[in-house]
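The values are calculated or read from the model by the stated rules, or taken from the named source; none is laboratory data. What you are looking at is a predicted structure, and each value in this text was computed from that prediction instead of being measured. Ideal geometry is used to build each Cβ from the backbone, glycine not excepted, and the neighbour counts take in all protein chains shown. The area values use the complete protein model at the heavy-atom level, side chains included, leaving out ligands, DNA and RNA. Shrake-Rupley method; radii C 1.70, N 1.55, O 1.52, S 1.80 Å.
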Amino acid sequence: QVQLVETGGGLVQAGGSLRISCVLSGRTFSSYAMGWFRQAPGKEREFVAAISWSGSNTYYADSVKGRFAISRDNAKSTVYLQMNSLKPEDTAVYYCAADRHTIAKVTTSPVYWGQGTQVTVSS
């Protein structure tokens with residue numbers, strides 16, 4: 001069974017940077033497209049970024065384009081989300097997601113989810 005564990009969340013000032021990570025275990029990481037979602041208090045979960053199994057294709061929500069970067073290290077079974085120029089509105093619980101199908105699938109309805117890591121951006 002696939003397990004996803006996120007780490008690296010925390011408190012950062014507006015304009016700062018943070019990198020969060022997610023390790024996949026239980027299956028072959030390189031077989032999965034990976035994504036990041038977030039959920040702010042009182043709001044629905046929303047897509048943030050996704051990366052294909054090879055890392056050759058990435059996709060971002062408009063709200064984070066140019067500020068966030070998703071990457072993966074298949075040798076470490078890890079996907080990263082580098083977040084720069086953080087804003088208070090980026091405050092949310094960030095969830096890692098995985099799916100064996102296309103990057104398009106992982107952006108909409110991934111099968112596997114992590115437990116989430118809190119990112120708080122102070123103004």
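For a quick check of your reading of the filter: which trypsin sites (Lys or Arg not before Pro) in region 41-84 sit in a DSSP loop and have no more than 16 other Cβ atoms within 10 Å? The partial results should precede the final answer.
Working: sites: K43, R45, K65, R67, R72, K76; in loops: K43, R45, K65, R67, K76.
Answer in residue order: K43, R45, K65, R67, K76.
Using θ = phi - 60° and the Karplus curve 6.51 cos²θ - 1.76 cosθ + 1.60, what whole-Hz ³J(HN,Hα) does each residue of region 102-115 get, with Gly and Pro shown as x?
Values per residue, Gly and Pro as x: 6, 4, 4, 5, 6, 7, 10, 8, x, 7, 10, 9, x, 8 Hz.
GNM, the chain, Cα, under 10 Å: largest mean-square fluctuation among A92, A49, A33?
A92
Over 13 Å, how big is the tail of the calculated P(r) for region 61-123, in percent of all Cα pairs? Don't skip to the end; give the middle numbers.
On the way: 1393 of 1953 pairs.
Every Cα pair in region 61-123 considered, those over 13 Å come to 71 percent.
Under 13 Å from a point placed 7 Å out from the Cα of S31 along the Cα-to-Cβ direction: which residues of region 83-102 have their backbone N that close?
What the label zone holds, given the 13 Å backbone N cut-off, is 99-101.
Quote the charge dipole size of region 1-100 about the Cα centre in Debye, to the nearest 20; the model charges only the Cβ of Lys and Arg (+1) and of Asp and Glu (-1). Mind showing how you got there, number by number?
Details: 11 positive and 8 negative charges, 33 e Å.
Approximately 160 debye in magnitude.
How large is the Rg to Rh ratio of the chain when both quantities use alpha carbon positions and Rh follows Kirkwood? Each step should come with its number before you reach the end.
Details: Rg = 13.2 Å, Rh = 14.0 Å.
Ratio of gyration radius to Kirkwood radius: 0.94.
State in Å² the accessible area per residue of the chain; use a 1.4 Å probe, count heavy atoms of protein chains only, and round to the nearest integer.
Values: 6180 Å² over 123 residues.
For the chain, the per-residue accessible area is 50 Å².
Shape of region 1-70 from its Cα gyration tensor (a ≥ b ≥ c, root eigenvalues): rounded if a/c is under 1.5, otherwise prolate when a/b > b/c, or oblate?
Working: a/c = 1.73, a/b = 1.44, b/c = 1.20.
Verdict is prolate for region 1-70.
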